[in-house]
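A short worksheet on the structure shown next.
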C-alpha cells in the first residue's frame, strides 16, 4: 500500500480565474459555448457567459425533482443525474433538458441498485455514471462511502463494467461520497467529493476493479459537482454553495487537460 501512495502526486492549487453569482449555484454547473448553467435540486439557471446575466430558468416540481445532483452537456442537451436523496431505499434517474427552450424533454428511471446517482458523463461512446453511498444521512444499512461505484454503460444503458474508487480518495470522501466527475480530453477522470476543497485525478486500472489515484489538487470551492469548460477544457467550473457563485479555475499542470 505504501508504494501505491507514494505514486500519488500533489499538484499546485487550481488558480481561480472568475466568479459568477447564480441563485441556483447549489449542486452543480455545466457549460456550452455561450452559456453557463447553474444547477440546484429542482431548478436550472441559464447564464450568459460574457455578461453573467441570467437569461432563462427552468423550475420543476420539487416533489418530482427531489435532488438533481449534476448535469453535463451532451449533444446540445443537458443530461442530469438525479436521485431521491435522502430517502431510502436509494433510487435514481437521468433527466434530459432542451437548453434552447429550457424545458424538460425526457427521463429514464434507473430505480434502486448500486446507490444514489450523483454524476454522469459521456466519453468514448459510453455513459459513465457514479453511484454514491453514504455512511450517514441518505445511506442504507450495511452500505457506506466505500461502496461508491463508477459504472460504464452503453448508449442504451447496458452495463459494461464497474469500478470501486481508490481507498485514498474514499478516505477523503468519508462519510459522504463523490459529488462530481468529468473526463478530460486526455482520458483522465477528475472527481470531487462533497465537502473537502480539493479534486482527485483518477484513471482506469490495467487490471482489477478499483480506479487508480494519480494526483490531488486544491480547489477554490468545497466539493460538489464540476464541469470542464466547453471552450477551454483546461478550465474547470465548480460551485460555491455559501456564496451562491459559479467559480472557474484552471487545471494545474495536467498534461492531458486538452488545450
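Each row is one residue, and each column tells you yes or no for (1) under 23 Å from residue 228 (Cα atoms); (2) touching a helix residue (DSSP H, G or I) at 6+ places or on another chain (Cβ under 7 Å); (3) without any contact (Cβ under 8 Å) to a residue 40 or more places away in the chain.
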| position | (1), (2), (3) |
| --- | --- |
| 20 | yes, no, no |
| 29 | yes, no, no |
| 36 | yes, no, no |
| 39 | yes, no, no |
| 47 | yes, no, no |
| 52 | yes, no, yes |
| 74 | yes, no, no |
| 80 | yes, no, no |
| 84 | no, no, yes |
Positions within region 56-66 being surrounded by 18 or more Cβ atoms within 10 Å (Cβ to Cβ) and free of Cβ contacts under 8 Å to residues at least 40 places away in the same chain, in sequence order: 65, 66
Flagged in region 114-140 as surrounded by fewer than 20 Cβ atoms within 10 Å (Cβ to Cβ), part of a loop (DSSP other than H, G, I, E, B) and on the phi < 0 side of the Ramachandran plot, in numbering order, are 135, 136, 137, 140
Scan region 209-250 for residues that are closer than 16 Å to residue 28 by Cβ and either in a strand (DSSP E or B) or touching a helix residue (DSSP H, G or I) at 6+ places or on another chain (Cβ under 8 Å) (or both) and report the count. 13
Quick check on residue 204: is it surrounded by fewer than 19 Cβ atoms within 10 Å (Cβ to Cβ), over 22 Å from residue 73 (Cα atoms) and either out of contact with any helix residue (DSSP H, G or I) (no Cβ under 8 Å at 6 or more places or on another chain) or touching a residue at least 40 places away in the same chain (Cβ under 8 Å) (or both)? yes
Only one of (1) surrounded by fewer than 16 Cβ atoms within 10 Å (Cβ to Cβ); (2) over 20 Å from residue 31 (Cα atoms) is not met by residue 53, so which one is it? (2)
So residue 143 passes all but one of these: (1) crowded, with 16+ Cβ neighbours inside 10 Å; (2) touching a residue at least 40 places away in the same chain (Cβ under 8 Å); (3) part of a loop (DSSP other than H, G, I, E, B). Which condition number does it fail? (2)
Among (1) at pLDDT 95 or above; (2) closer than 25 Å to residue 223 by Cβ - the single one residue 113 does not satisfy: (1)
Taking the residues in region 86-99 that are more than 21 Å from residue 134 (Cβ to Cβ) and in contact (Cβ under 8 Å) with a residue 24 or more places away in the chain as candidates, determine which candidate is nearest to the chain's Cα centre (by Cα). 95
Tally, over region 213-249, of residues that are buried (at least 20 other Cβ atoms within 10 Å of the Cβ) and more than 20 Å from residue 37 (Cβ to Cβ): 2
Evaluate the following for residue 212: is it closer than 28 Å to residue 143 by Cα, modelled with pLDDT of 95 or more and under 14 Å from the mean Cα position of the chain (by Cα)? no
Determine which single condition residue 170 fails, assuming it passes every other condition in (1) under 23 Å from residue 39 (Cα atoms); (2) out of contact with any strand residue (DSSP E or B) (no Cβ under 6 Å at 6 or more places or on another chain). (1)
Does residue 162 fit the bill of being under 28 Å from residue 108 (Cα atoms), in contact with a strand residue (DSSP E or B) (Cβ under 7 Å, 6 or more places away or on another chain), touching a residue at least 40 places away in the same chain (Cβ under 8 Å) and surrounded by fewer than 20 Cβ atoms within 10 Å (Cβ to Cβ)? yes
From (1) closer than 27 Å to residue 46 by Cβ; (2) at pLDDT 95 or above, pick out the condition that doesn't hold for residue 88. (1)
Members of region 175-203 found to be closer than 14 Å to residue 129 by Cα and not in a strand (DSSP E or B), listed by number: 177, 178, 179
Of 227, 199, which residue is in contact (Cβ under 8 Å) with a residue 12 or more places away in the chain and closer than 23 Å to residue 54 by Cα? 227
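The values are calculated or read from the model by the stated rules, or taken from the named source; none is laboratory data. Please read all numbers here as calculations on a predicted model, not as lab measurements. Using ideal geometry, Cβ is built from the backbone for each residue, glycine included, and neighbour counts are taken over all protein chains shown.
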